[in-house]
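These notes are about the structure you will find just below.
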Amino acid sequence: MLRVKKLCISYEGIPIVKDAEFEVKEKEIIGIVGESGCGKSTLLQSLLMLEKKAVIDSGEVIFRDRRLGDLSEEEIRCIRGNEIAVVFQNAALSMDPMKTIGNLFYETVRMHSRITKKECEKRAKDLMKKVRLADVDRIWKSYPFELSGGMCQRIAIAAAMMNQPRLILADEPTSALDVTAQAQVVALMQYLREEFGTSMIVVSHNMGVIAQLADKIAVMYSGNIVEWGTAGEVLHSPGHPYTKALINAIPRMDGSIPKGIAGRPPEFSEKRTGCPFAPRCGKRTAVCSGRPEKIFLSEEHWIACRHMDKI
Amino acid sequence: MALLEVRGLKKNFTGKNETLHAVKGIDFTIEEGECLGLVGESGCGKSTTANMTARLLKESEGDIFFLGKRINGGKRLCAAGKEMQMVFQNPADSFNPHYSVLECVMQGARYYKLYSKSELKERAMEWIKYVGLKESYLEKKIGELSGGECQRTAIARALICNPALIICDEATSALDVSVQAQVVELIRKLKEEKKVSFLFITHDLALTSSVCDRIAVMYSGRIVEMGETKAILQHPMHPYTQLLLSCVLPAVGDDEYRVPECSSFRGAGDGCDFYEFCPKICTQCKDRVPDLQEREGRMTACFQRGDPDE
């Protein structure tokens, strides 16, 4: 449904994302993980040209047989919100504080279709009941700041679903929430996929969220996708040294001590040649100064690393 | 006597029309060299408790004993002194942006006039090295540091006063996992080598398992369960702790998680705060607040006496 080919993105002239390649199929949830500043949000936002400063240098994004780069601003706006919807990290901040939730729903729908307020209200309330939001009538008249963070996030997702988009882009949808609210949002997103067959791209640094939601996972480091595969493959038999280190750094319930990764990621302004993870990698050798190549570990599981033999 | 003892601490925020009971009376102690984790959801009162303990906020009721002395009650806040230091969630915001790393760390001790000028600089450099920052960082401005490096500087600033207790209010929550793990390593090292005690506030339950000796679970302004970290994480007794643990999303492994219906705060009212959401209510729950009582080696505030894991 959505295919990204050799995508390179720069931000104010500095190259950020390099040669990103992946594909989203119908009904599939893709998870993009990585640490702050690895370019995962930039990648997501540039798919719909949400950020003016992030410029696509080369490569293409193909959504249902249309090259998004060829479309006019007008046509993109038609796709945005209608066929592809976006959910941001802090839902309460992405809503107009002067408008009630009811107005918010109405505005979202009216952008793309002719609909009366009554009809919109009925559809929105049905949807909210389906996503198990209690006390729908009170919510309809409330302002965003009168609701809790978890509730706002679930409403933002419900509003994104109003036009029945084919694809939802979610940028850190659970990161500002407590564990209880996180579980609620994850359950809601799973329900939407089952019920409406919506595909999703979820960006998060929370491995738990990605593990529960995603079918396929892309691991990003310093603007490059370093590993790609099904959720099981990436989490249970990771191939890339960075993925392994990242999984070891997650705190566990069993009292084992999480291991940090020494050093810090390279600055984007530095000239990059070779493997970006090499300076922090324990398996580094001389070949790492060359460009890492894709190595397929199974049909759909690949890593960008030169050390196939040592893995 | 324990290093820190908190007795019957309460905080009410009075508004125009209503009073918010943020902390409804909590008791805990921290022994020397111990790390107590305070966990709970946003709005349950854990930061309010930390701020009252550090005397940044005036309590409504209750007593705080630190190093054998009662430290609350006086007119002045900030009386906890050099022995009790704090590390905040957002490291960059708690520094003066015009200062270099060295100046920031020295500032910590300057207020208490602990050292002479030359000694101060020496000590500061020593601690900056101890927390794992290279010498090239000394003259860097705070804005040039990454989140993890900032947090190390904040810990160095706390350490220069030789504190007996460090209060970490969500000190690792804004950091990436790989950096968070580095800060956790540092905290463990401090506990072992320097015998510093910690009050470690976090909403991340998995993190407590590697940092804390004991944890206290807070809900709606009260401690509902307190005991050994391992015992609580493996066999939670209070229904709220059980619920909280059941909705942690596992990153690796096939554990199931549960989707809860729950709110983290309930205003003043009769009965147990968790009454509305609890799956195991009995007749007493609605009318009386359960006391924190010792049972099987830990403290639990629940009327249910049956098997906890059922």
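Listed values, structure above:
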quantity: Every pair of residues 6+ apart whose Cβ atoms lie under 6 Å, when the first sits in segment A:126-152 and is within 14 Å of chain B (Cβ to nearest Cβ) and of a type in the set (Lys, Arg) while the second is surrounded by fewer than 17 Cβ atoms within 10 Å (Cβ to Cβ) and not in a helix (DSSP H, G or I); calculated: none
quantity: Of all residues making up segment A:23-63, the number that are closer than 30 Å to residue A:262 by Cα and crowded, with 16+ Cβ neighbours inside 10 Å; calculated: 16
quantity: Residue within segment B:166-186 that is crowded, with 23+ Cβ neighbours inside 10 Å, of a type in the set (A, V, I, L, M), in contact with a strand residue (DSSP E or B) (Cβ under 8 Å, 6 or more places away or on another chain) and in a strand (DSSP E or B) present; calculated: yes
quantity: Segment A:185-199, residues that are more than 13 Å from the chain's Cα centre (by Cα) and not in a helix (DSSP H, G or I); calculated: A:197, A:198
quantity: Residue identified as at pLDDT below 85, more than 14 Å from chain A (Cβ to nearest Cβ), more than 18 Å from the chain's Cα centre (by Cα) and surrounded by 17 or more Cβ atoms within 10 Å (Cβ to Cβ) among B:72, B:17; calculated: B:72
quantity: Failed item, numbered, when residue A:32 is tested on (1) modelled with pLDDT of 90 or more; (2) assigned to a loop (DSSP other than H, G, I, E, B); calculated: (2)
quantity: One residue from B:12, B:90 being touching a His at 6+ places or on another chain (Cβ under 7 Å), surrounded by fewer than 20 Cβ atoms within 10 Å (Cβ to Cβ) and of a type outside the set (Phe, Trp, Tyr); calculated: B:12
quantity: Residue ID - farthest from residue A:114 (Cα to Cα), chosen from residues in segment A:35-86 that are part of a helix (DSSP H, G or I) and of a type in the set (A, V, I, L, M, F, W, C); calculated: A:43
quantity: Restricting segment A:210-259 to residues that are hydroxyl-bearing (Ser, Thr, Tyr) and over 30 Å from residue B:232 (Cα atoms), the residue that is surrounded by the most Cβ atoms within 10 Å (Cβ to Cβ); calculated: A:242
quantity: Subset of segment A:247-279 (residues that are away from chain B (no Cβ under 12 Å), touching a helix residue (DSSP H, G or I) at 6+ places or on another chain (Cβ under 8 Å) and either of a type in the set (Val, Ile, Thr) or not in a loop (DSSP other than H, G, I, E, B) (or both)); calculated: A:273, A:278
quantity: Yes/no for residue B:185 being over 30 Å from residue B:277 (Cβ atoms), free of Cβ contacts under 8 Å to residues at least 12 places away in the same chain and more than 11 Å from chain A (Cβ to nearest Cβ); calculated: no
quantity: Checking residue B:20 against (1) in a helix (DSSP H, G or I); (2) of a type outside the set (Asp, Glu); (3) more than 23 Å from residue B:238 (Cβ to Cβ), the condition it does not meet; calculated: (1)
quantity: Of residues in segment B:193-216 being away from chain A (no Cβ under 12 Å) and farther than 14 Å from residue B:30 by Cβ, the one modelled with the highest pLDDT; calculated: B:193
quantity: Any chance residue A:291 is buried (at least 20 other Cβ atoms within 10 Å of the Cβ), more than 12 Å from chain B (Cβ to nearest Cβ), farther than 26 Å from residue B:181 by Cα and at pLDDT below 85; calculated: no
quantity: Qualifying residue in segment B:25-32 (condition: in contact (Cβ under 8 Å) with a residue 60 or more places away in the chain, surrounded by fewer than 16 Cβ atoms within 10 Å (Cβ to Cβ) and within 21 Å of residue B:202 (Cα to Cα)); calculated: yes
quantity: Within segment B:146-172, considering residues that are charged (D, E, K, R) and away from chain A (no Cβ under 14 Å), the one farthest from residue B:66 (Cα to Cα); calculated: B:157
quantity: Any hit, segment B:114-123, residues being under 26 Å from the mean Cα position of the chain (by Cα) and either more than 19 Å from residue A:263 (Cβ to Cβ) or buried (at least 20 other Cβ atoms within 10 Å of the Cβ) (or both); calculated: no
quantity: Residue that is farthest from the other protein chains (Cβ to nearest Cβ), among those in segment A:200-233 that are outside any loop (DSSP other than H, G, I, E, B) and among the hydroxyl-bearing types (Ser, Thr, Tyr); calculated: A:230
quantity: Filter result (at the interface with chain B (Cβ under 9 Å from one of its Cβ atoms) and in contact (Cβ under 8 Å) with a residue 40 or more places away in the chain) within segment A:237-246; calculated: A:246
quantity: Search result, residues across segment A:155-182 that are within 13 Å of chain B (Cβ to nearest Cβ), assigned to a helix (DSSP H, G or I), in contact (Cβ under 8 Å) with a residue 12 or more places away in the chain and over 16 Å from the mean Cα position of the chain (by Cα); calculated: A:180, A:181
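Results for (1) within 22 Å of residue B:55 (Cα to Cα); (2) of a type in the set (A, V, I, L, M), shown as yes or no for each residue.
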{"site": "B:162", "(1), (2)": "yes, no"}
{"site": "B:170", "(1), (2)": "yes, no"}
{"site": "B:174", "(1), (2)": "no, yes"}
{"site": "B:177", "(1), (2)": "no, yes"}
{"site": "B:198", "(1), (2)": "yes, no"}
{"site": "B:221", "(1), (2)": "yes, no"}
{"site": "B:239", "(1), (2)": "no, no"}
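The values are calculated or read from the model by the stated rules, or taken from the named source; none is laboratory data. Because the structure is predicted, anything quoted here is derived from the model rather than measured. A quick note on method: Cβ atoms are made from the backbone with ideal geometry, for glycine too, and the neighbour counts reach across all protein chains shown.
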